[in-house]
1. In degrees, nearest 10, range 0 to 90: what is the angle between the Cα axis of helix 188-200 and the longest Cα principal axis of the chain?
2. Please determine, in degrees from 0 to 90 and to the nearest 10, the orientation of helix 40-59 with respect to the longest principal axis defined by the Cα atoms of the chain, where the helix direction is its Cα long axis.
3. Over region 105-226, one equal point on each Cα, no solvent: what is log10 I(q)/I(0) by the Debye formula at q = 0.17, 0.23 Å⁻¹?
4. What's the whole-number percent of alpha carbon pairs in region 128-321 lying beyond 26 angstrom?
5. Ordered by packing density, taken as the mean number of other Cβ atoms within 10 Å over each peptide's residues, highest first, how do 36-43, 139-146, 246-253 rank?
6. Take every Cα-Cα distance within the chain, group them into 20 Å bins from 0 onward, and report for each bin the whole-number percent of pairs it holds.
7. So in region 1-152, what percent of DSSP beta bridges are antiparallel if you round to the nearest 5?
8. Provide the percentage of antiparallel DSSP beta bridges, counting only those with both residues in the chain; round to the nearest 5.
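Derivation of every value follows stated rules applied to the coordinates shown; laboratory data play no part. As the structure is a computational prediction, the values presented were derived from the model and not from experiment. Ideal geometry is used to build each Cβ from the backbone, glycine not excepted, and the neighbour counts take in all protein chains shown.
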Ligand SMILES: [Zn+2]
């Protein structure tokens, strides 16, 4: 076995810990429940226990390269403090120092959108693209920039917050304090809200009966209706695509990157929202219009230039390939590129 690193994805529901080798092969993955209700000390304790067990198990046959942890929330890269994390709630918390104290070794802590981007860049949709951006559509909308194969942190670690780009100046209030953020139109939460707004306006019978019959009505329920052809459900996803297209137009105009990966749970509705992305992009970004692939929707579009991205020079917007494992692989990648990455 080649040397391995430990990657952790500390999600709101699942706490996943994996040993991954230098080639990106999964050695072993452990999935635990994230017991937030028992307090963050309990969550940290579960996590450190699993890291220790996996490390001990494989250290006899291979060298451990380090530990990377991905978690939602704003991490101060200089102090290791975590702010506004839904998965380790409470006042500002020296999470990095606490994990390192328990494990008696150094750990690299990273925002979960950043780890997802690094995973997709290493092994997924953006492999062979050292410069890329990622937007994750989950409960909220996350974003990340990878430049030269390294996460771009900005001054304080907050770079890449594309989810809080303004889409509608007087739009829906956002948790960040702004109004009309991308997150208010492209997250799973937003899909459900927009479906309910369509019902409230009185003209969405398909959505209305789905809400009545399904106590667990979700973004996925809206997607199911959309693929069945329900016009109102399709309208909700057009709005998702439109909002993403507006945000991406600014991003493409600003950075002229070759690769943009859309991930997170809502990205499984790619067919329903992506046509609107490309329509908006063509109208709103001259950089995109000048560099658009012949068929932006073609699934092979990204793969076609793998190996030699320089040969094509097209702006690719594509869906993520690694699903919920992207963050886990990206977290394991952190110690492998440490020294170059921080
Ligand atoms: Zn916001």
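1. 30 degrees
2. That works out to roughly 60 degrees.
3. Scattering profile of region 105-226, log10 relative to I(0): -0.91, -1.20.
4. Tail fraction, whole percent: 32.
5. Listed from highest to lowest mean packing, they are 139-146, 246-253, 36-43.
6. Per 20 Å bin, starting at 0, the Cα pair percentages come out as 31, 56, 13, 0.
7. 70 percent
8. 60 percent
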